[in-house]
Structures are given as structure tokens and as C-alpha cells.
Amino acid sequence: MSVSRAWECRAALVLNLMALGLLATTATAQGGKGAFETFASAQAARKSLAASFRQSYVSATLGEEIVEEGRLFFAAPGRLRLDYRRPDKKVFLVEPDGTTLSYVPADAAAWRSRLPAEAWHLELLRGRDDLADRFIVRDLAPDGSGRSRLELLPRGEDAGGVQRLELELDADHRRLKSILVTDELGNRSRLEFLRWKENPKLPDSTFRLRLPRGVILRDSGEGS
């Protein structure tokens, strides 16, 4: 598998995390004024955002930690861009129809693929599904900083391999500070967010991939 294809697989996991937590704009408030209800209301009003992120991934098998940093951009309904800046530069784009584009400059190749139309995490990204319908939400004890934490457990088997989600919220419960995901194999992926900008004006060019001359755009399934 090429560097681009291997990275595309990991980027698809990041999309899953984004759809589940950060971009689940249709999370339903269940009544009351708890952390989840406040978070759900804020999500429903959020039409675009820009933020920095730090991602760490730990393999249950190898125990190796991979740490990457970058910027993300989102615009409803369902447009997402991830710009990885450290340690390697990479770009990952998602369109509302499920088309994904990934580009690794060091590999001089870009890949295009399509998420299944019925994929539930894509429906969340589009704002057509409800986080509370997919997961049981439980309050956890605050951490040492006093921040609120939520545990999300799948209601059914169709959870895209996700076993558990843990969301850490800021003091007013409106923004995510981090998401910790554990999959069915015990792999753990954590996303931490910094420097949020809510509802910024993002031009269409933000969600276009401009490739340098000589870079080949391949459809997933081509090559090895």
C-alpha cells in the first residue's frame, strides 16, 4: 500500500471522530440544563467552524503512539477539510455527497474515494442523524481541571467499530476540548482542540483541493 493509501485509511477514522462528536450538529437536547443539553444546543447553532487540533493514536497491538497536528474547517451541511501540518503535511477533504480527497505532498499523489451513501457517520456530518439516537449519554466525574466529561456508548451494533466515546467540554459546556475514542479492537484515538472560531465565513475555495502540476489524482482501487 502506498503512503497516500495508508494515510487515507487513518484519515477516514478522523472523519468518523469528527462526525460523531465535533460535527454532530443535530444532537437532541433531552430536557433540562445539563452538560449534554447545553452542548447539543450549541451544536445545533453551529454552521461553520475553524480550529487547531492535535491527534494521538495508540495501537492496541503495537502500543505505538502516532501524534499529528493541524487545522480543521467545517461548513454545514457536511463539508470538512483537515490540513495536517506536523510531522507531515497532508490534506483530507469531504464533500456532502461522501466524496473524499486525500493528498500527501511527499508522495506526489492524491486519492479520491466515496463513502457509502447510507454510512451513519456521514449522515451525522450532514446533520441528518442524531447523536442521542446513536449513543447512550452518561455524565462522568469531572477531571482534575474541573471540566465536564461525557461518556457515549453505542445503542446498537452499527457503530462503525466504535466501542466508547469520551467527550471533554469547556467550562460553559458549549465547546469540545477533546474526544477520546476506543474502537472494538482496543485502539485509542484522541483529538484535542485549540483556538476555536465559531461560524467564520469560509470561502468555497477552502474546500477545494488544488494539486501541483505533475500530481496524479487516482480513484480508490487503482494501483497498490
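Annotations for the structure displayed:
- Leading residue by the ranking (modelled with the highest pLDDT) among those in the range 26-62 that are farther than 30 Å from Arg86 by Cβ and of a type in the set (A, V, I, L, M): Ala35
- Count of the range 146-173 residues which are out of contact with any strand residue (DSSP E or B) (no Cβ under 9 Å at 6 or more places or on another chain) and under 22 Å from Phe53 (Cα atoms): 4
- Within the range 110-120, the set of residues being at pLDDT below 85 and either touching a helix residue (DSSP H, G or I) at 6+ places or on another chain (Cβ under 7 Å) or of a type outside the set (Lys, Arg) (or both) comprises Leu115, Pro116, Ala117, Glu118, Ala119, Trp120.
- Qualifying residue in the range 163-178 (condition: part of a strand (DSSP E or B), under 19 Å from Ala40 (Cβ atoms) and modelled with pLDDT under 85): yes
- Evaluating Val104 against the criteria (1) within 30 Å of Val215 (Cβ to Cβ); (2) at pLDDT below 80 leaves one unmet condition, (2).
- Residues (in a strand (DSSP E or B), closer than 22 Å to Glu68 by Cβ and not small (Gly, Ala, Ser)) located in the range 183-212: Asp183, Arg188, Arg190, Leu191, Glu192, Phe193, Leu194, Arg195, Trp196, Lys197
- Conditions (1) at pLDDT 85 or above; (2) on the phi > 0 side of the Ramachandran plot: number failed by Glu65: (2)
- Residues within the range 140-162 that are at pLDDT below 85 and not in a loop (DSSP other than H, G, I, E, B), tallied: 1
- Leu217 surrounded by fewer than 15 Cβ atoms within 10 Å (Cβ to Cβ) and not in a loop (DSSP other than H, G, I, E, B): yes
- Of all residues in the range 121-139 being under 21 Å from Arg46 (Cα atoms) and surrounded by fewer than 15 Cβ atoms within 10 Å (Cβ to Cβ), the one that is modelled with the lowest pLDDT: Arg128
- Applying the criterion of being more than 14 Å from the chain's Cα centre (by Cα) and at pLDDT 90 or above to the residues of the range 68-87, the residue that is farthest from Gly186 (Cα to Cα) is Arg85.
The values are calculated or read from the model by the stated rules, or taken from the named source; none is laboratory data. Remember, it's a predicted structure, so these values are computed and weren't measured experimentally. As a convention, Cβ positions derive from the backbone with ideal geometry for all residues, glycine included, and neighbour counts pool all protein chains shown.
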